[in-house]
Amino acid sequence: MKISKLASIALSVLFVAFLAGNSTAAEVKIGIMNVQKIIVQCDAGTAAKVRFDKKMKELQTKFKSEEEELKKLQEEIKKKSSAWSEEKKAEKIRDFQKSGRELQAKTEDARFEMKQMQDKELEPILKALEKVVNKYGANNGYTTILDAKNSVIYFDKSVDISDAIVKKLNKAMAAK
C-alpha cells in the first residue's frame with residue numbers, strides 16, 4: 001500500500017513538473033480540493049449521513065438485545081454448569097455457540113447492508129461532484145485539480161477550492 005501511495009505521489013510530481021516544463025505558452029493553474037470534506041459538508045452528504053446514522057442505530061439496537069441474551073446464557077453456563085449433568089452442560093454450550101454464530105452472521109450481513117447503503121448514498125454525490133469539478137475547472141482556467149487526501153503532501157491554503165466546490169455541488173444537487 002505504501003508503494004502504491006509513493007508511486008502515486010511520484011506520478012503527481014512528474015505530472016506537475018511536466019506541465020510546468022511545457023507551460024511556456026500557458027500558465028499552470030492548480031487547484032486542490034478535499035473530497036472528503038466536500039462530501040461531509042455538502043447538503044446531500046449531510047442528509048446521507050443522517051440516514052446512514054439512523055440505520056446504524058436501528059441495527060445496533062436490534063443486536064444489543066441479542067448480545068445481552070448471549071451474555072445471559074454465558075453467565076448461566078458459568079454459574080450452573082457444575083450442577084448440571086454432562087448432557088445438559090453440553091446442550092447449553094451448543095446453544096451458546098449456535099447463538100454466537102448466528103449473531104456473527106447477522107452482524108456480517110448488517111455490515112454488508114451498511115456498505116451497500118453507503119455506496120448507494122455516495123454514488124449520486126460523487127457523479128455530481130465529478131461534473132461540478134470538471135465544469136468549475138474549465139470555467140476558472142485550472143490546468144489540474146487534485147484531491148488533497150490523495151498524493152498531495154503540501155499545498156498552500158490559497159489554492160484550496162473545497163468551499164467553492166461545496167457551494168457549486170449544493171446547487172447542482174438541488175437542481176436534480
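Every number here is computed from the coordinates shown, using simple stated rules; none is lab data. Bear in mind the structure is a predicted one, so any value in this text is a computation, not a measurement. Ideal geometry is used to build each Cβ from the backbone, glycine not excepted, and the neighbour counts take in all protein chains shown.
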- Here are some residues: 176, 127. Which one is surrounded by fewer than 16 Cβ atoms within 10 Å (Cβ to Cβ) and out of contact with any helix residue (DSSP H, G or I) (no Cβ under 9 Å at 6 or more places or on another chain)? 127
- Note on the structure: Selection from region 39-97 of residues of a type outside the set (Gly, Ala, Ser) and not in a helix (DSSP H, G or I) yields 42, 84
- Would you mind finding the one in 59, 73, 129 that is farther than 19 Å from residue 44 by Cα, touching a residue at least 12 places away in the same chain (Cβ under 8 Å) and within 21 Å of the chain's Cα centre (by Cα)? 59
- Residues of region 138-171 being more than 16 Å from residue 27 (Cβ to Cβ), hydroxyl-bearing (Ser, Thr, Tyr) and in a loop (DSSP other than H, G, I, E, B), in sequence order, are 151, 154
- Task: Sort out which residues of region 148-173 are closer than 24 Å to residue 48 by Cα, surrounded by fewer than 17 Cβ atoms within 10 Å (Cβ to Cβ) and either in contact with a Ser or Thr (Cβ under 8 Å, 6 or more places away or on another chain) or not small (Gly, Ala, Ser) (or both), and write them in order of number.
- Result: 149, 150, 163, 167, 171
